[in-house]
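Enquirer: The structure follows.
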Amino acid sequence: MEAPLIRPNRLKRLLDEGKTPIGVFLIEFRQTSVLQILANCGFDFVVIDNEHGVFSIESIAELSRAARLLGLTPVVRIPDHAYPWIAQALDAGAQGIMAPRIETAAQVASVVRFMKYPPEGARGNAQGLGYMEFRSGPVPEVLARVNEETFLIVQIETRAAAENLEAIMATPGVDAALVGPNDLAIALGVPGQTDGPEVRAVIERVIEVGRRTGRASAVHMRDPEVAVRWLQRGVRFLSCGSETIFLAQAGRAVIERLRGGPGSRAG
């Protein structure tokens, strides 16, 4: 059976159903086999990090296509809020955009304008590309369906973002606000204290404002135990770790066991 003209956004569906999507960052590996492994693990979405990662638009296209076919929602974290970064990632097949360093509602409105087709925005339309899986269809239907399925995550990671939180999260087109605790801790003058009271207070506010505005609250965490605590506090979804972190942690665990276990002679 042929796939829908525009694939449904699984991240949106899970949130609409009251479920808790769990995702992971991809920051280094460009092989689509890594996405198969992550899908096998049970992750719901993947953030292809084009802010700090090493991905070309060709890699983003290949990874996005593989993710969609595997049932992982591909979200691209853009390096800048300019139109080309947003439109190219979406044309290549990303189903969501993560916008870092958001500080004002005006910035958010600009990102939404570049993400959405008219009448909701000003994104230019080209058919037969990755986001349509190289097919074409009726233009009005394509514009409407893509506008419904794209997903915007704004990052809350600066003092200004925390101060303007309500206006940012209430901006039309925002689907979720995600706290980046590392940069937020630095911005608040407590670098490294990602679980300190200053950062925790901002996350609590994101949860509370999210409930009032109908936006999903989210966090990115390296420590699964801290992540679980935030889920229990009301965060709607989260990303945890990255493919490089998982590889490093598993590798260290094996070496520690082999070198330090009973009767070990490795060295």
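Enquirer: For the stretch 1-94, what does the relative contact order come out to in percent, with C-alpha contacts under 8 Å and a separation of six or more?
Expert: Relative contact order comes out at 28 percent.
Enquirer: Separate question: Is the shape of the stretch 126-260 best called rounded, prolate or oblate, per the rule: a/c under 1.5 gives rounded, else a/b larger than b/c gives prolate, else oblate, with a ≥ b ≥ c the square roots of the Cα gyration tensor eigenvalues?
Expert: Oblate shape, in that a/c is at least 1.5 and b/c is the bigger or equal ratio.
Enquirer: Amide H of R123 versus every other amide H placed in the peptide plane: which residues, excluding those fewer than 5 positions away on the same chain, fall under 5 Å?
Expert: Excluding prolines and chain starts, which carry no amide H, the hits are K116, Y117.
Enquirer: How large is ³J(HN,Hα), in whole Hz, for each residue of the stretch 208-215 in order, when computed from phi with the Karplus curve 6.51 cos²θ - 1.76 cosθ + 1.60 and θ = phi - 60°, using x for Gly and Pro?
Expert: 5, 5, x, 5, 7, 9, x, 9
Enquirer: Note the direction-averaged projected area, equal to a quarter of the hull surface, for the Cα convex hull of the stretch 10-260, in nm².
Expert: So the Cα hull casts an average projection of 13.9 nm².
Enquirer: What is the magnitude of the charge dipole of the chain about its Cα centre, with +1 placed on the Cβ of each Lys and Arg, -1 on the Cβ of each Asp and Glu, and no other charges, expressed in debye to the nearest 20?
Expert: 500
Enquirer: Normalised by the residues of the stretch 10-260, what does the relative contact order come to in percent, with Cα pairs under 8 Å and at least six apart?
Expert: The normalised contact order for the stretch 10-260 reaches 17 percent.
Enquirer: While we're here: Where the only charges are on Cβ atoms (+1 Lys, Arg; -1 Asp, Glu), what is the dipole of the stretch 83-141 about its Cα centre, to the nearest 20 debye?
Expert: In total the dipole reaches around 100 debye.
Enquirer: Non-local amide H neighbours of A216 (under 5 Å, H modeled in plane, Pro and chain starts lacking H): which ones?
Expert: Distant-sequence amide H within range of A216: A176, A177.
FYI, it's all coordinate maths here, none of it is from the lab. Worth saying up front: this structure is predicted, and the values here are computed from it rather than measured. As a convention, Cβ positions derive from the backbone with ideal geometry for all residues, glycine included, and neighbour counts pool all protein chains shown.
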